[in-house]
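Peer 1: Here it is, the structure in full.
Rule-based calculations on the coordinates, nothing more; no lab input. Quick caveat: nothing in here was measured; it's all calculated off a predicted structure. With ideal geometry, Cβ positions are generated from the backbone for all residues, glycine too; neighbour counts draw on all protein chains shown.
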Amino acid sequence: MDKKQEKTRYSDEELQEFKELILAKIDQAQENYKRLKDNIMVDESNPTFKMMEEGAATLQKEMASQQAERQLDFIRKLQAALMRIENKTYGVCRITGKLIPKERLLAVPHATLSIEGKEIEAKNKQKS
């Protein structure tokens, strides 16, 4: 493709496809988050809890809490991607300024870096 003809952003139709994908992922992530939060709120006043069970329950709650935090972070990243769709900047690598391949965005819809951009970022981190 000629440099002058190189695509600089995704079409409105493509952005709509990404938006639908992201909205579905947000719904799923919010369901997961709610389920994890519900697991954290288990009734501990139940008299059947014994000392060993309490330890295991505490560990389970900590793990569920960490997973819930990751889900919340994922939701935030997806919501930021929706903002980029609204601004028509979605899919543009924040380092190279080039379009992130559609395949990558379908796999990681909240991506802000192309593979090339990630490599540049990694090299810059190694230098500092």
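Peer 1: On a straight-distance basis, which lysines could pair with LYS61 in a cross-link, Cα separation under 25 angstrom, same-chain partners fewer than 8 positions away excluded?
Peer 2: Within reach: LYS25, LYS34, LYS37, LYS50, LYS77.
Peer 1: For the chain, what is the mean residue ellipticity at 222 nm derived from helices alone (per DSSP H run of n ≥ 4: -39500 (n - 2.57); sum divided by total residues; nearest 500 deg cm²/dmol)?
Peer 2: -22500 deg cm²/dmol
Peer 1: Still on this structure, please answer the following. Which net charge results when you count Lys and Arg as +1 and Asp and Glu as -1 among the other residues whose beta-carbon is under 12 Å from that of LYS19?
Peer 2: Spelling it out: positives minus negatives among the neighbours equals -3.
Peer 1: Still on this structure, I have one more. When 1/r is averaged over all different Cα pairs and the result inverted, which Kirkwood radius in Å belongs to the chain?
Peer 2: Hydrodynamic radius (Kirkwood, Cα pairs) of the chain is 17.4 Å.
Peer 1: Roughly how many nanometres apart are two label points built 7 Å out from the Cα toward the Cβ at ASP73 and GLU14?
Peer 2: Roughly 2.9 nm, to one decimal.
Peer 1: If we count every other residue with Cβ under 14 angstrom of GLN126's Cβ, Lys/Arg +1 and Asp/Glu -1, where does the sum land?
Peer 2: Every neighbour counted, the sum reads +2.
Peer 1: Rg and Dmax of the range 52-117, using alpha carbons, in Å: what are they?
Peer 2: 17.2, 55
Peer 1: Place the peptides 12-22, 116-126 in order of packing, highest mean first, counting for every residue the other Cβ atoms within 10 Å and averaging per peptide.
Peer 2: 12-22, 116-126
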